[in-house]
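All of the numbers you see were taken from the coordinates with simple rules; none came from a lab. Nothing here was measured: the structure is a model prediction, and the numbers come from that model. Cβ: placed from backbone, ideal geometry, glycine included. Neighbour counts: every protein chain shown.
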Amino acid sequence: MKVRPRDFPREDSARASSAASILARDALPALLAALRTRGYQLVGPTLRDGAIAIDRIDGESDLPIGWTEEQDGGRYRLRRREDVAVFGYTVGPWSWKTFLVPPETKLVTAKRDAGGAFTVDAGLAEEPKYAFIGVRSCELRAIQVQDRVFLEGPYVDRGYRLRREAAFIVAVNCTQAAPTCFCVSMRTGPHHETGYDLVLTEIMEGQRHEFLVDAGTERGRELIDELALRPAMIADVEGAEAAIDRAVAQNGRKVVTDGMRELLYRSYEDPRWDDVAKRCMSCGNCTMVCPTCFCTTVEDAADLAGKEATRTRKWDSCHTLEFSYIHGGSLRPNARSRYRQWMTHKLATWIDQFGVAGCVGCGRCITWCPAGIDITEELAAIRRSEEARHGGH
Amino acid sequence: MRTVKKPSVAVWKFASCDGCQLSLLDCEDELLAVAGAIRIAYFPEATRAMADGPYDLSLVEGSVTTYHDAQRIQQIRNQSKLLISIGACATAGGIQSLRNFADVREYTSAVYARPEYIETLARSSAIADHVKVDFELRGCPISKHQLLEVVGAFLHGRKPQIPSYSVCLECKRRGTVCVLVARGEACLGPVTQAGCNALCPAYDRGCFGCYGPAESVNAPALSRRLAEAGLGVDARMRLFRSFNAAAEPFRRESEALEQGR
Ligand code: SF4
Ligand code: SF4
Ligand code: SF4
């Protein structure tokens, strides 16, 4: 079965109309080299400390070729593949957010001179332009969700805009999904729709190892032309489609999105929130790894002499007490109210706020929750709970 | 610049290993700024100067373990405008609070040749169990960065930026792969207060809980997960029973595990 997210709200970015091409496996280094020649700092998946990280890479040899992972609630293990697939894994604890919205950003430095006058520096730090290698469909959707937050609201985040506009996106269609993936339910993947510069699909059949490559922008098209690739045949396109269908079939989790928002609005007092509060440790990992979570806190610090002050922005989490602290106390004093806030925001209030759900079905929060709490299971339980109360409806 | 009288600071030691006081001496780069900003009135570990009180700020290291300590802390409080307790001993009773779970007389007779010379309390307790404490700075040992932040906040009359959320936030911000999820290591990070910048997981070890319980702790939930990861009852009990053994949520969990084993 083919699932295409055509009915999902999205911006229609300019998509160069052109036929796809074939990039030979051994021409991948040439593609990466061409990006480096254009002045891009490559960022892509790479092995680190027992997981597949997203970090700066120098070239193809840094990619986790022949590696994959096992994922389930609260559990992740790196595994060797039997083949030499370049993109034969899914998503790890990092997301592109680390580069577009860094975990810590210095916003302002203020210095006081001997006369007592202040000089304030709120300039943006010089940053490289990034080429993101291997962005999955759910991840690109997550970036587009964050665009709404940082670019499309009344206040534009200057730093985000610079990084985002400069970034060259080499997307990858997933040909394998994890048991924690539910992009099919969320209509966010595994097939890319728009927003990339280039999109690759890895084709491995017998001795054959190639990539179907297509451009989504003019600058992507220029790169393909420069590499002088052979045009794809219909059979190539079909081979790629079949490979992506594997990832559709392998989507390990499911959610019923019909009426999801209204269900959650009716369920503020559902007893399931007490149940999840017994398991949730309020550690905040789910928000840190989520590619759409955008909350930050701002911290001011000064040196002992009172001569220099800095203002730093840091990733924050709605699972902390301080997050909702106002004069007199925290608005969400317990795990029940905090988990409810987090999940209801992701799946319901986000839709009112930004026009799309705040969840793209990447499954990170399931895998990296040390308690193994599963957002898909919690939603299903809330639905069951209501059905039990009303005898189904 | 204005010349104001430098605030006087005293540093006191109770039952402890001195590690936290050393954090103050370890502020090499910042020592001149510290010395320029405050007047050390009493700090036997560092200087012979022993000015009498009252003091603007007292930093108190160590836990109360003797009758003498229990009286001394009252006098210190009376002489101090502000009192900040520093380190796991002063904020939770320290590793020596293991005695709280046993009979201290058994310990003294096992350790000392003449136990009858030893006069000690049955329990090791935090400074805040005895006197009003204005701020508790956690850690075993405390972080020099946080110490400077607290002293700086005191000097400038602002609230110190000391987070009370979990170590996991620091772990993720610095990009460490979770040792619990990716390797099944026993890690106290989800229930432990941040402050160390998630040091141990960055070196492939689970968090030992040096900074004590985070603001909102669900120790039984972590315990269950560690059991699923294959950690036995005894190992879990010991995990919760270390530098912050007597901190309430950790104490409750280790006692529950002890009773249930
Ligand atoms: S809520 Fe969970 S599954 Fe959804 S986008 Fe965030 S991390 Fe991924
Ligand atoms: S849901 Fe999981 S990851 Fe999120 S705060 Fe609770 S225990 Fe931590
Ligand atoms: S390694 Fe420990 S502190 Fe770090 S995220 Fe995992 S559970 Fe939390």
Mean ellipticity per residue at 222 nm, deg cm²/dmol - from DSSP H runs of n ≥ 4 across chain A, formula -39500 (n - 2.57): -8500 deg cm²/dmol
Label-point separation in nm, B:R114 to B:M50, each point 7 Å along Cα→Cβ: 2.5 nm
Most to least packed among A:145-153, B:31-39 [average Cβ atoms within 10 Å]: A:145-153, B:31-39
Average partner coverage of B:222-234, which counts Cβ from other chains inside 10 Å: 2
Antiparallel bridges, percent of DSSP beta bridges restricted to the protein assembly as shown (to nearest 5): 65 percent
Dipole-positive endmost among B:A88, B:L257, B:V177 within chain B (Cβ charges, Cα centre): B:V177
Relative contact order for chain A, counting Cα pairs under 8 Å that sit 6 or more residues apart, in percent: 22 percent
Shielding of A:325-335 by partner chains, average beta-carbon count, 10 Å: 1
Peptide B:35-45 - average C-beta neighbours from other chains (10 Å radius): 1
Unit charges at the beta carbon, dipole of the range A:19-250: most positive-side option, A:A30, A:L42, A:M233: A:L42
Quarter of the Cα convex hull surface for the range B:8-116, i.e. its orientation-mean projected area (nm²): 8.0 nm²
Three-way shape label, chain B, alpha-carbon gyration tensor, a/c 1.5: oblate
Sequence-separation-based contact order of chain B, relative, with Cα cut under 8 Å and 6+ spacing, percent: 17 percent
Relative contact order (%) - criterion: Cα under 8 Å, at least six apart; region: the range A:260-389: 34 percent
Cβ charges +1 (Lys, Arg) and -1 (Asp, Glu), total dipole of the range B:205-261, debye: 160 debye
A:I203, B:I118 arranged by Cβ crowding within 10 Å, fewest neighbours leading: B:I118, A:I203
Listed residues A:S21, A:S137, A:S330, most fluctuating in chain A (Gaussian network, C-alpha, under 10 Å): A:S330
Point-charge dipole on Cβ atoms (K/R +1, D/E -1) for the range A:88-239, about Cα centre, debye to 20: 620 debye
Long-range amide H partners of A:E69 with built H, under 5 Å: A:R79, A:T90
Charge dipole magnitude, Cβ of K and R +1, D and E -1 - the protein assembly as shown, Cα centre, debye nearest 20: 1180 debye
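With a 10 Å Cβ neighbour count serving as the proxy for reagent exposure, in which order, fewest first, do B:W12, A:W368 appear?
Neighbour counts put them in this order, fewest first: B:W12, A:W368.
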Span per principal axis, largest first, for the Cα atoms of the protein assembly as shown (Å): 91, 67, 48
Which of A:H319, A:L304, A:C369, positive extreme of dipole for the range A:260-389 (C-beta unit charges): A:C369
Residue with peak Gaussian network fluctuation, chain A [Cα springs, cutoff 10 Å], from A:P45, A:P154, A:P93: A:P154
Exposure proxy order (Cβ contacts within 10 Å, fewest to most) of A:E193, A:E386, B:E116: B:E116, A:E386, A:E193
Gap separating the Cα centres of the range B:69-144 and the range A:346-393, nearest whole Å: 47 Å
Most fluctuating residue given options B:A198, B:A122, B:A92, as computed from a GNM of chain B linking Cα atoms under 10 Å: B:A122
